[in-house]
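The values are calculated or read from the model by the stated rules, or taken from the named source; none is laboratory data. Being a predicted model, the structure only gives us computed values, none of them experimental. Virtual Cβ from ideal backbone geometry, glycine too; neighbours counted across all protein chains shown. Remember, those area values only see protein heavy atoms, side chains included, never the ligands or the DNA or RNA. Shrake-Rupley method; radii C 1.70, N 1.55, O 1.52, S 1.80 Å.
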Amino acid sequence: MTLIHIKINGESVTVAAHSSVAAALAGRPNRLSVGETAPRAAFCGMGVCFECRVTIDGQSQQRACQVLVREGMEILCDA
Ligand code: FES
C-alpha cells in the first residue's frame, strides 16, 4: 500500500494513496450544523447529502467523499 502525507487542520496525517478525503477524515466531524449545535460528518458517501463539506487547498465547500487525497493536500474542517 502506498502512503502519502496530508494535513488536516494543520496536523500531519499519513493516509493510503487513492483514499477519499472522507475516508482520510475517518469519521471526525468536518463542520457544525446550520444552528452550530451539532457536529456533522460524511453520511451518504456518494455526493448527495453534502454533509461532508470541507475546505481543500483553499477551496471551500468541497465534498470530501468526492475528492481523492493528494500528497501535500491541506484540508480544513470547520468543526
Ligand atoms: S457524504 Fe454525502 S455528499 Fe459526501
*Within region 21-62, can you find the residues that are part of a loop (DSSP other than H, G, I, E, B), touching a strand residue (DSSP E or B) at 6+ places or on another chain (Cβ under 8 Å), on the phi < 0 side of the Ramachandran plot and not charged (D, E, K, R)?*
PRO29, ASN30, SER33, ALA38, CYS52
*Which one is surrounded by the most Cβ atoms within 10 Å (Cβ to Cβ), of the residues in region 24-58 that are within 16 Å of ARG70 (Cα to Cα) and in contact (Cβ under 8 Å) with a residue 24 or more places away in the chain?*
VAL54
*Subset of region 68-79 [open to solvent by 30 Å² or more (accessible area, probe 1.4 Å) and either at pLDDT 95 or above or in a helix (DSSP H, G or I) (or both)]*: LEU68, ARG70, GLU71, GLY72, GLU74, LEU76
_Yes or no: region 5-12 includes at least one residue that is hydrophobic (A, V, I, L, M, F, W, C) and without any contact (Cβ under 8 Å) to a residue 60 or more places away in the chain._
no
_Between a residue in region 64-76 that is farther than 12 Å from VAL13 by Cβ and any residue that is open to solvent by 90 Å² or more (accessible area, probe 1.4 Å) and within 16 Å of the ligand (Cβ to nearest atom), which pairs come within a Cβ distance under 8 Å, given they are 6 or more apart or on different chains?_
CYS65/MET46
